[in-house]
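The block underneath contains the structure these notes are about, expressed in structure tokens.
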Amino acid sequence: MEAQDEKAQTSRPLDPKCLTSTTSAPQLLKSELPTEELMGKGQKFDTLPSYIWSDEDNDETTSNDEPKDEAPPDRPSWANKIEYLLAQVGFSVGLSTIWRFPYLCFHNGGGTFLIVYIFMLFLVGVPLLFLEMAAGQRMRQGSIGVWKVISPWIGGVGYTSFMVCCIVGLYYSVLMAWSLFYLVQSFQSPLPWAFCPLLRNSSTFDPECARTTSTTYFWYRHVLKATDEIEIGGLPVEHLSVSLFVTWLIICISIIKGPKSSGKMLYVSVLLPYFILFCLLIRSLMLEGAKFGLDSLLAAQVPALYSVEVWRRTGNQIFLSMGHGFGSFTAISSYIPRSNNCVLDAFVVALLNLTASLTAMVFVFAIMGHLATKNNDKCYLKNVETVMNLIVTGVLPPEARPPDSLYYDPSSIYSEWFKNLPEQVKSMILPHLSNCNLSEQLKEVMEGPGVAFVAFTDIISLFSGSNFWAIIIFVLLANLGLSTMIGIMQGIITPLQDIFTSLRKHTKLLTVGICVPMFLGSLIFVRPSGSYYMNLLDDYWASLPLFFIVMLENVAMAWIYGARRFLADLIIMLGRPISPIFRWLWSFLSPFVLIVLFINTLIHLSLKSITYLAWDSSISNEVIRTYPSWAKVLLVIFIVIAILPVPAYFLYTLVDVAFPVSMIHSKGTIIFKPEAKKNSLNPRSRLQVRQNQKKANKMDK
């Protein structure tokens, strides 16, 4: 009896191949004891998964003879490697790359921000990008299936990524709808935002527009039909609803046949923006004042290196710009053969994203330098006009009169003229002049407007042939939005097809079935106050769930599944060595950075009031308002909805694994037996309790 008990308690090592297959971990590790050994007459059995009691080393590696099986026969794949890379790059390069990156660079130390960004990109961003790509490529599943394989205890991470894709897809599609609306308006001559409209039956301009710029007025009053506060509702704006419908129609057509159809669309939606960016870069460098803008960019502010806020904003930009946590990288990678070199792909995607960011940054700074120079010239001319009026009224002597050539080249002649004035005249003039400072003009330009679309319409007005450049820029923005939306939709469709495999035969029906409700949900954001809800989600909601997702992904892969084991899987899968530096980055640096960013973001949301940029029609200006208390409650609800699948699935796994165990009391033996599964492994359970009441009673006697 003792020998039999000892034999029953000895556990056989598990086959490593089963630990890295695409079957869920609970199913792989559940075992059963041979019934012929334990079953006796009148004995009752209950089930208990034996892996609860297992302490197998996380560093166990895969077998060297594991086959590199390709995709299942019914699983689609990318036509070639180029389409696959275009899908990854298209998803990672979005509108935040074009506008938010230069804006953050200017307000967070200039060149210092750039140094910090590149440092964090290659030490944190690339390893985590490689992790998501490799997981999808190895497991051949979307985000939901992958993390169930890695560890069922955090299987909810995939559902959280799915929820984030759904919510972000709702409001991100509106950005593309705005671009399409501006694109259609760009075919009018003159451009509708170039001048203020006239009042009906009058020759005077609309006073609300006259108090601001025509581009700002067009944005808030014509495009958005914005309300003054978020509390004021209204029905969806008609022209934006039409643009949104066309947007979802284009998205649906692009992905209706899976990777085969979206891959062809990506040749246009990804390559065209890079070509347009290059053309815009060349054109911007030819403008007056571009050198001043670039000098401001390269001026590094050393104290910014020690600012926690700069590092927090840099981390936010990396994850929001690259697209970690959405599950889209994982989904896109699941359609590529396992032998694909995902290490190289991660670096290629990161470098192309960085190239787009730097190109956009140089373009924006050159344009803003030109705009600041123009505004500074206007300031000079305004001062000249003031001086001329003072001379006419006799306040200033005639020798203070500026030369006529100043009107043709104010930036160079104004300073020379003022410098040559007698000191007495200077002292008389100074109280009446505005301070024309080029650096201050650049700061003012970069601080407003806060909306990228208004900024781009301002930029277009600087170019000759403005209609042509308007079409070019809004084609750029529309294509960036389309390629990102294709990636987001992959993060929604792929997990659904992995869970419900029958849907792979009905891809067209599934695509339409997702796009229709997504379009209907997006209508919320084209209401007159819809842009304020978009700001609430984009500025305050998105970063927290994404940090939470990536943090759990990192911990699950590095510490639960095992970084060493995962690297061993990849070495076998790729057939080439991988630097062990990734193991240390996954295990130590990345988790530390992610935890710090997550806590910092949580504190930032908790302690600081959340605000939005609103339009005040009474003064015709953008004003900062505080979100009402119900909007904060709404924000918390969205955060809970996104994160809830993680603890919910954890409890589900706990109930499924631990609580089915019950002790059946009988006159016979009470035995805990691992749950029996077909074709399951057969290691001995470490827990086996035997109590024979009859025998015990006899021994007592």
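The values are calculated or read from the model by the stated rules, or taken from the named source; none is laboratory data. Predicted, not measured: the structure shown is a model, and the values here were computed from it. Virtual Cβ from ideal backbone geometry, glycine too; neighbours counted across all protein chains shown. Each accessible area value is taken on the protein alone, full model and side chains, heavy atoms only, with ligands, DNA and RNA left out. Shrake-Rupley method; radii C 1.70, N 1.55, O 1.52, S 1.80 Å.
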query: For 519, 122, what's the largest-to-smallest order of accessible area, 1.4 Å probe?
result: 122, 519
field: Neighbourhood charge, 9 Å Cβ-Cβ cut-off, centred on residue 234 and excluding it, Lys, Arg +1 and Asp, Glu -1
entry: +2
- request: Please list the radius of gyration and Dmax for the stretch 396-537, considering alpha-carbon atoms only, with Å as the unit.
  value: 27.9, 89
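If DNA, RNA and ligands are ignored and the probe is 1.4 Å, what is the ranking of 407, 117 by accessible area, most exposed first?
407, 117
Subtract the Cα-Cα distance of residue 501 and residue 443 from 0.36 nm times their separation in residues, and report this length gain in nm to one decimal. Could the numbers behind the result be given before it?
Working: separation 58, 0.36 × 58 = 20.88 nm, distance 5.47 nm.
Residue separation times 0.36 nm, minus the Cα-Cα distance, leaves 15.4 nm.
Past 29 Å, Cα to Cα, is the threshold; run 148/508; 264/291; 148/632; 264/505 against it and keep the listed order. Can you show the working numbers first?
On the way: 148/508 27 Å; 264/291 39 Å; 148/632 33 Å; 264/505 21 Å.
With Cα atoms farther than 29 Å apart: 264/291; 148/632.
Assuming 0.36 nm per residue, please report the length gained on full extension of the stretch residue 588 to residue 467 beyond their Cα-Cα distance.
Gain in length upon complete extension: 38.3 nm.
The stretch 582-624: Rg/Rh from Cα coordinates, Kirkwood Rh?
Details: Rg = 18.9 Å, Rh = 13.5 Å.
Ratio value, two decimals: 1.40.
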task: Report the full-extension gain for the segment residue 655 to residue 408: residue separation times 0.36 nm, less the Cα-Cα distance, to one decimal in nm.
output: 80.9 nm
- request: Sorted from largest down, give the three principal axis spans of the alpha carbons of the stretch 205-294, whole angstrom values.
  value: 52, 46, 23
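Averaging sequence separations of C-alpha pairs under 8 Å and six or more residues apart, then dividing by the length of the stretch 280-410, give the relative contact order as a whole percent.
Details: 63 pairs, mean separation 58.0, N = 131.
Reported as a whole number, the value is 44 percent.
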